[in-house]
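The values are calculated or read from the model by the stated rules, or taken from the named source; none is laboratory data. Just so we're clear, the structure is a prediction, and the values are computed from it rather than from any experiment. Ideal geometry is used to build each Cβ from the backbone, glycine not excepted, and the neighbour counts take in all protein chains shown. Side chains included, ligands, DNA and RNA excluded: accessible areas come from the protein's heavy atoms. Shrake-Rupley method; radii C 1.70, N 1.55, O 1.52, S 1.80 Å.
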Amino acid sequence: MTSPDVSTLRFGDADGFYEALLRCHEGCTAEQSRLLDAQLVLLLANQCADPATLQACLDAARAALPLSD
Amino acid sequence: MGQTARKGRTIFAGMNHPSPGPEPVADGGYELPEYPFVEPPDLHAAAPRRYPVVIVGAGLAGLTLAADLSQRGVHCVVLDEDNTIGVRGASSRGIVYVQRTLEIMRRLGLYERIRAKGVTWSAGKILAGDEVLYEYDFQPASISEQPPFINLQQFYLEWYLVDRIIELGQAELRWKNRVVGAENHTDHVTLQVETPAGPYTLEADWVIAADGVNSSVRHLLQLPEHTERGHDRWCITDVRFQRTRLNERWTWVEAPFNENRAVWQHLMADDVWRLDFQMAPDADPAEVSRPDVARERVARMLGPDVAFDLVWVGPYSYRTMLMERFRHGRLMFIGDAAHAKSPFGARGGNSGIQDADNLGWKLALVLAGDAPEGLLDDFDAERHRAAEENIRVTGRSGRFLQPRSEAEFVLRRAVLQLARHHAFARTLLNTGRLCVPHHYRSLPTVGPSEADGKAIANIALHRSGQPCHLVDVLAEGRPVAFAFGVPRAPLQAALAAAGLPVRVVELDDEMVDTHGLLARETGTPHGGIALIRPDSHLSASLATGDADALVCAARRALGHKELP
């Protein structure tokens, strides 16, 4: 079974979402932003629901981390 | 260490029934009964005596197996290094007995005592301060004769088991008999035993080690296991106080009165409350169990004006341990001796009891020559996978309750925040997933249907016009083939011709599926057959009444590996 495609653009309005995400973080302390991100991950993951897609996203995020020194 | 339960009166087991049990004493604790040491006849035997079954360890798993075998008419000897029920020191202190356990105890004839003494409950809350994040109730979905849970101090259940074993009169309980040597041979096991009157050696066709997480038998034979120590520290602080009786389980993930660490509050018998406090990872067990420190901790929780007695203080940490195999020829391991885990979800004592329930009928059939020894490999395969699952599930709870990093802590905080507003997030609040019977699906020991391998609840039926329950029908010890509108006689004849000890019961004839639950739970259509094992697990659901298919399923249920 091939891994779900998480590379292809699926957003209708990518720039719009990115801007909304930034706005969502406005006025937050660093600590609040970390919590906000974690809450978002859980909300979005519940919307996505598909275990294979979720795992592919986890893998892709981990793989995209910069190499540590 | 902070233990107020203590030894006292001697109980002359077997001379009166029921025996005097644990008694609350004036300072809030309990006095546990002591059973007398009786010199075993082996001490003066010229050569080692041979026994069919020896069980090492009189804890929940060992005693359940002894009661189960006794009920099946199988003689056994139980060796225990101690002379009392309950456990010494800062060891396991189970309180929650789950539905499957209660159904097993119903079959073993001690459910009524448990129900009368214990606290029946089904609902709980997860709180943040005074705010309820999540409420649950298992009763509405329950179809069993037994309730979802009963809380009871572990020593009461062990006491009832000892009484029942004595009443059945098939097992010899040998207190103060400590196993100090073991040799595992092809067709028997030899044990060296120390007693207050001297040492002796015995031989057993079968030995079941139920001697706890520090199993002597496992250590003596250096059998392979994998252990992982937990770093989380807890301190049980059982107290008795007057408060409105509230049969609910309350859990705080971050309790403001416990430095934002977790706390459990749960009622047991005799109006004793189990309060379990998560401690700082570097907490000193001696310090946190000092009576004045324990009292202060409880006062912070209950408020300064509530008077209470300390009943028992027990600091603990936990470990995860899994033996590579539970069966080693004529030697088998059950309960904590085979697998240990954190207490979250009450999966320790309950799974040990379920090990005994899985093994008892199989061992009895093998001993009677009604099933091949291979049936005992099925015990290994099934209970090993159950233990793997219990360790996986409790490990997730443990990690939720003790985040390992800043990132894990932030994620947990996110769950707590979202849970206030969103239903989906409440299911992520993992304060322990309460023990459910393992579904043996897809193992070669059960059939291929989706329902094959699941435990069937103790549902209501009618037999010869009289109400009864599933465990009553299964108590006899053989697997039962429930035939839904299929004539009984040809099926029973086919099983008899194949030499398979399976009883066929024809629905709508001698038995009535009163609420249609047997058909629904087993997924068996009219004209089909549900083969249910003595431990209430569905072995196979057959879509038709074909006798050959039933014979095939029965052979699999009874451990016949080769094709007929």
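Please verify whether B:Gly352 is away from every other protein chain (no Cβ under 14 Å), buried (at least 20 other Cβ atoms within 10 Å of the Cβ), touching a Leu at 6+ places or on another chain (Cβ under 8 Å) and among the small types (Gly, Ala, Ser), treating the condition exactly as stated.
Numbers: away from every other protein chain (no Cβ under 14 Å): yes; buried (at least 20 other Cβ atoms within 10 Å of the Cβ): yes; touching a Leu at 6+ places or on another chain (Cβ under 8 Å): yes; among the small types (Gly, Ala, Ser): yes.
So B:Gly352 passes the test.
Residue under question is B:Ala451, and the condition is that it be more than 14 Å from every other protein chain (Cβ to nearest Cβ) and either surrounded by fewer than 20 Cβ atoms within 10 Å (Cβ to Cβ) or under 17 Å from the mean Cα position of the chain (by Cα) (or both); does it hold?
Numbers: more than 14 Å from every other protein chain (Cβ to nearest Cβ): yes; either surrounded by fewer than 20 Cβ atoms within 10 Å (Cβ to Cβ) or under 17 Å from the mean Cα position of the chain (by Cα) (or both): yes.
Considered against the rule, which asks whether it is more than 14 Å from every other protein chain (Cβ to nearest Cβ) and either surrounded by fewer than 20 Cβ atoms within 10 Å (Cβ to Cβ) or under 17 Å from the mean Cα position of the chain (by Cα) (or both), B:Ala451 comes out as yes.
Within the range B:284-321, count every residue that is under 29 Å from B:Asp211 (Cβ atoms) and of a type in the set (A, V, I, L, M, F, W, C).
Counting residues in the range B:284-321 that are under 29 Å from B:Asp211 (Cβ atoms) and of a type in the set (A, V, I, L, M, F, W, C) gives 6.
Can you pull out the residues in the range B:254-268 that are assigned to a strand (DSSP E or B) and either over 20 Å from B:Gly118 (Cβ atoms) or touching a Gly at 6+ places or on another chain (Cβ under 9 Å) (or both)?
From the range B:254-268, those assigned to a strand (DSSP E or B) are B:254-255, B:261-267; that's our starting set.
Result: B:Glu254, B:Ala255, B:Arg261, B:Ala262, B:Val263, B:Trp264, B:His266.
Could you grab the pairs with beta carbons closer than 6 Å, sequence gap of 6+ or different chains, first residue in the range B:307-333 and among the acidic types (Asp, Glu), second one open to solvent by less than 40 Å² (accessible area, probe 1.4 Å)?
Between residues of the range B:307-333 that are among the acidic types (Asp, Glu) and residues that are open to solvent by less than 40 Å² (accessible area, probe 1.4 Å), the close pairs are B:Asp309/B:Gly28.
On the given criteria, is B:Leu518 open to solvent by less than 10 Å² (accessible area, probe 1.4 Å), closer than 17 Å to B:Cys552 by Cβ, assigned to a helix (DSSP H, G or I) and touching a strand residue (DSSP E or B) at 6+ places or on another chain (Cβ under 7 Å)? Give the derivation first.
Details: open to solvent by less than 10 Å² (accessible area, probe 1.4 Å): yes; closer than 17 Å to B:Cys552 by Cβ: no; assigned to a helix (DSSP H, G or I): yes; touching a strand residue (DSSP E or B) at 6+ places or on another chain (Cβ under 7 Å): yes.
Spelling it out, it is not the case that B:Leu518 is open to solvent by less than 10 Å² (accessible area, probe 1.4 Å), closer than 17 Å to B:Cys552 by Cβ, assigned to a helix (DSSP H, G or I) and touching a strand residue (DSSP E or B) at 6+ places or on another chain (Cβ under 7 Å).
Results for (1) open to solvent by less than 20 Å² (accessible area, probe 1.4 Å); (2) of a type outside the set (Ser, Thr, Tyr); (3) outside any loop (DSSP other than H, G, I, E, B), shown as yes or no for each residue.
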residue: B:His526; (1), (2), (3): no, yes, no
residue: B:Pro534; (1), (2), (3): yes, yes, no
residue: B:Thr544; (1), (2), (3): no, no, no
residue: B:Asp548; (1), (2), (3): no, yes, yes
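Out of A:Leu65, A:Leu9, A:Leu54, A:Leu36, I need the residue that is within 14 Å of another protein chain (Cβ to nearest Cβ), loosely packed, with under 10 Cβ neighbours inside 10 Å and either touching a Cys at 6+ places or on another chain (Cβ under 8 Å) or outside any helix (DSSP H, G or I) (or both). Which one?
Details: A:Leu9 fails: within 14 Å of another protein chain (Cβ to nearest Cβ); A:Leu54 fails: loosely packed, with under 10 Cβ neighbours inside 10 Å; A:Leu36 fails: loosely packed, with under 10 Cβ neighbours inside 10 Å.
Only one candidate qualifies: A:Leu65.
Looking at (1) in contact (Cβ under 8 Å) with a residue 60 or more places away in the chain; (2) surrounded by fewer than 21 Cβ atoms within 10 Å (Cβ to Cβ), find the lone condition where B:His266 falls short.
Only one criterion is unmet by B:His266, namely (2).
Restricting attention to the range B:477-534, report how many residues are within 28 Å of B:Leu65 (Cβ to Cβ), in contact (Cβ under 8 Å) with a residue 40 or more places away in the chain and of a type in the set (D, E, K, R).
Count: 3.
Out of all the residues in the range B:283-291, is one or more open to solvent by less than 30 Å² (accessible area, probe 1.4 Å), within 30 Å of B:Pro403 (Cβ to Cβ) and part of a loop (DSSP other than H, G, I, E, B)? Before you say what the answer is, go through the steps one by one.
Within the range B:283-291, the subset open to solvent by less than 30 Å² (accessible area, probe 1.4 Å) is B:283, B:288-289.
From what's left, within 30 Å of B:Pro403 (Cβ to Cβ): B:283, B:288-289.
From what's left, part of a loop (DSSP other than H, G, I, E, B): B:283, B:289.
Yes, the range B:283-291 contains a residue that is open to solvent by less than 30 Å² (accessible area, probe 1.4 Å), within 30 Å of B:Pro403 (Cβ to Cβ) and part of a loop (DSSP other than H, G, I, E, B).
Is there a residue in the range B:393-407 that is under 30 Å from B:Ile529 (Cα atoms), modelled with pLDDT under 95, over 22 Å from the mean Cα position of the chain (by Cα) and surrounded by 14 or more Cβ atoms within 10 Å (Cβ to Cβ)?
Among the residues of the range B:393-407, not one is under 30 Å from B:Ile529 (Cα atoms), modelled with pLDDT under 95, over 22 Å from the mean Cα position of the chain (by Cα) and surrounded by 14 or more Cβ atoms within 10 Å (Cβ to Cβ), which makes the answer no.
Is there any pair with a first residue in the range B:405-417 that is at the interface with another protein chain (Cβ under 8 Å from one of its Cβ atoms) and a second that is of a type in the set (A, V, I, L, M) and open to solvent by 50 Å² or more (accessible area, probe 1.4 Å) whose Cβ atoms are under 6 Å apart and which are 6 or more apart or on different chains, and what are they?
Partner pairs satisfying both residue conditions: B:Val415/B:Leu428.
Scan (1) closer than 22 Å to B:His328 by Cβ; (2) not in a helix (DSSP H, G or I) for the single condition B:Asp377 breaks and write down its number.
(2)
Looking at (1) over 27 Å from the mean Cα position of the chain (by Cα); (2) of a type in the set (Lys, Arg); (3) within 27 Å of B:Leu359 (Cβ to Cβ), find the lone condition where B:Arg488 falls short.
Looking at each condition in turn, B:Arg488 falls short on (3).
Could you please find all residues in the range B:322-368 being farther than 19 Å from B:Ser215 by Cβ and outside any helix (DSSP H, G or I)?
Scanning the range B:322-368 gives B:Phe344, B:Gly345, B:Ala346, B:Ala368.
Go through the range B:418-446 and count every residue that is away from chain A (no Cβ under 14 Å), more than 30 Å from B:Cys552 (Cβ to Cβ) and crowded, with 18+ Cβ neighbours inside 10 Å. I'd like the intermediate steps shown before the answer.
Initial filter on the range B:418-446 (away from chain A (no Cβ under 14 Å)): B:431-446.
Cutting the leftovers down to more than 30 Å from B:Cys552 (Cβ to Cβ) gives us B:431-435.
So of that shortlist, the ones also crowded, with 18+ Cβ neighbours inside 10 Å come out as B:431-432, B:434-435.
Selection size over the range B:418-446: 4.
If B:Val180 passes every condition in (1) open to solvent by 20 Å² or more (accessible area, probe 1.4 Å); (2) of a type in the set (A, V, I, L, M); (3) touching a helix residue (DSSP H, G or I) at 6+ places or on another chain (Cβ under 6 Å) but one, which one does it miss?
For B:Val180, the exception is condition (3).
So that you can scan it fast, the table gives a plain yes or no per residue for (1) surrounded by fewer than 13 Cβ atoms within 10 Å (Cβ to Cβ); (2) acidic (Asp, Glu); (3) assigned to a strand (DSSP E or B):
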site	(1), (2), (3)
B:Glu194	no, yes, yes
B:Ala204	no, no, yes
B:Val207	no, no, yes
B:Gly212	no, no, no
B:Arg229	yes, no, yes
B:Arg233	no, no, yes
B:Gln242	yes, no, no
B:Trp252	no, no, yes
B:Asp270	no, yes, no
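Can you name every one of the strands (runs of 3 or more DSSP E) wholly within the range B:42-139 that holds 3 or more residues which are open to solvent by less than 40 Å² (accessible area, probe 1.4 Å) and in contact (Cβ under 8 Å) with a residue 60 or more places away in the chain?
Working: elements: B:49-56, B:76-80, B:96-98, B:119-121, B:123-128, B:131-137.
Here the list reads B:49-56, B:76-80, B:96-98, B:123-128.
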